[in-house]
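Q: Have a look at this one.
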Amino acid sequence: MTSLKKDPLAVADSHSFKPLALGLVPVVSWGASFIATKVLLRELPGGAIVWLRFGVGTMVLAAFAVGRGERLAVPVRTLASFAFLGFLGIAFHQWLQINGLVTAKASTAAWIITTTPVFIALLGRFVLREVLGLFRAAGIAVAAFGVLLVVSGGDIRALFLGETGTTGDLLVLASAVNWAVFSVISRRILKKQSPTVAMLYVMTAGWLFSSVLLPAPSGLWNGLVHLSASGWWCLAFLGPVCSGVAYVFWYDALKVLPAARVGALLYIEPLVAMAVAAVVLGEPVHTAALGGGFLILGGVWMVNRRPSH
């Protein structure tokens, strides 16, 4: 009788720190990206930032795909799906965020984005007719209250009277809903392809659409000529790191670790954004914002918690 042996490398990797470290790189990068974008908006138009960021990100992903010998050919029907996902998840999503960050605080935006799993759960309930349950419904309520605390700075009454909060906060919230829609639609499509190749096509399509939705030439070249050293650093960080290497590392971690374990790392993202925003932008860390942020994380945990049997 022959015994089946597990791949020792895979077993070792799943219990080592290396894949976890791979997952931490994109989470920290994406958390800091809100601040880098906010800094760049002082020197470049929003459309130029998105166009440059994802243009460079596309080239980085292409280099990784070719270097790893990935099969790049995909059916024409799949290309159409990738084009739609590129518009929704890159071009339109970035239009919402880049315009939102003009008035929204970077740290506030990061907390709001964390609510995406809540909107995924709501879509599952009202679109896919999935059972929500009392515990998950309570989690949605807790996260919603947390968002109100973060956006209002602790004064929820003033928020409803229109005395606090910004239009940017609403746009960022809309981007969280949009990303939830993108995530639900892309589940089936992305499962049939290599993650790196799929993201390459989605990002390429999104970059092309963003060229129309967010006109890059307007002020681009003049802005680049006069770009400061900090501006160049932010641009180098957003393009090759956040939109290229980060995605590759994220999917590398998912190959070894369970999705739930890697996904839990996203809870660190708003904490990174808050810390970096405090240091780089001088955004104050209010007790209400911190408390509201942890309410959001608690609500998201309740929404994603698996019921015990």
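Q: I'd like to verify a number: residues in the range 57-84 that are surrounded by fewer than 20 Cβ atoms within 10 Å (Cβ to Cβ), β-branched (Val, Ile, Thr) and touching a helix residue (DSSP H, G or I) at 6+ places or on another chain (Cβ under 8 Å), how many?
A: 2
Q: Here's another thing I want to ask about it. Given the residues GLU283, GLU269, which is the only one that is over 19 Å from the mean Cα position of the chain (by Cα), touching a residue at least 24 places away in the same chain (Cβ under 8 Å) and under 30 Å from LEU149 (Cβ atoms)?
A: Being over 19 Å from the mean Cα position of the chain (by Cα), touching a residue at least 24 places away in the same chain (Cβ under 8 Å) and under 30 Å from LEU149 (Cβ atoms) holds for just one of GLU283, GLU269, which is GLU283.
Q: Let me ask something else about it. Search the range 111-131 for residues being without any contact (Cβ under 8 Å) to a residue 60 or more places away in the chain and assigned to a helix (DSSP H, G or I), and hand back the single one that is nearest to LEU173 (Cα to Cα).
A: Among them, the one singled out is LEU122.
Q: Here's something else I'd like to know. Scan (1) surrounded by 23 or more Cβ atoms within 10 Å (Cβ to Cβ); (2) closer than 25 Å to GLY298 by Cα; (3) at pLDDT 90 or above for the single condition LEU40 breaks and write down its number.
A: With (1) surrounded by 23 or more Cβ atoms within 10 Å (Cβ to Cβ); (2) closer than 25 Å to GLY298 by Cα; (3) at pLDDT 90 or above applied to LEU40, the lone miss is (2).
Q: Filter the range 44-69 down to the residues that are more than 19 Å from SER211 (Cα to Cα) and modelled with pLDDT under 90 and list them by number.
A: Listed by number, the list holds a single entry, ARG68.
Q: Does any residue in the range 173-198 that is part of a helix (DSSP H, G or I) come within less than 7 Å, Cβ to Cβ, of a residue that is at pLDDT below 80 six or more places away or on a different chain, and which pairs are these?
A: What qualifies is ALA198/LEU190.
Q: I would also like to ask the following. Considering ALA278, ALA264, which residue is surrounded by fewer than 17 Cβ atoms within 10 Å (Cβ to Cβ), of a type outside the set (Phe, Trp, Tyr) and without any contact (Cβ under 8 Å) to a residue 40 or more places away in the chain? Quick ask: steps written out before the conclusion?
A: Working: ALA278 fails: without any contact (Cβ under 8 Å) to a residue 40 or more places away in the chain.
Being surrounded by fewer than 17 Cβ atoms within 10 Å (Cβ to Cβ), of a type outside the set (Phe, Trp, Tyr) and without any contact (Cβ under 8 Å) to a residue 40 or more places away in the chain holds for just one of ALA278, ALA264, which is ALA264.
Q: Might you let me know whether the range 230-238 holds any residue that is farther than 23 Å from ALA121 by Cα, modelled with pLDDT of 90 or more and within 16 Å of the chain's Cα centre (by Cα)?
A: Within the range 230-238, one or more residues are farther than 23 Å from ALA121 by Cα, modelled with pLDDT of 90 or more and within 16 Å of the chain's Cα centre (by Cα).
Q: Only residues that are modelled with pLDDT under 75 and farther than 19 Å from GLY292 by Cβ: list them for the range 116-161, please.
A: LEU128, ARG129, GLU130
Q: Restricting to the range 87-103, count the residues that are part of a helix (DSSP H, G or I) and over 14 Å from the mean Cα position of the chain (by Cα).
A: Final tally of qualifying residues: 3.
The values are calculated or read from the model by the stated rules, or taken from the named source; none is laboratory data. Since the model is a prediction, treat every value here as computed from it, not as a measurement. Heads up, the Cβs are rebuilt from the backbone with ideal geometry, glycines too, and the neighbour counts pull from every protein chain shown.
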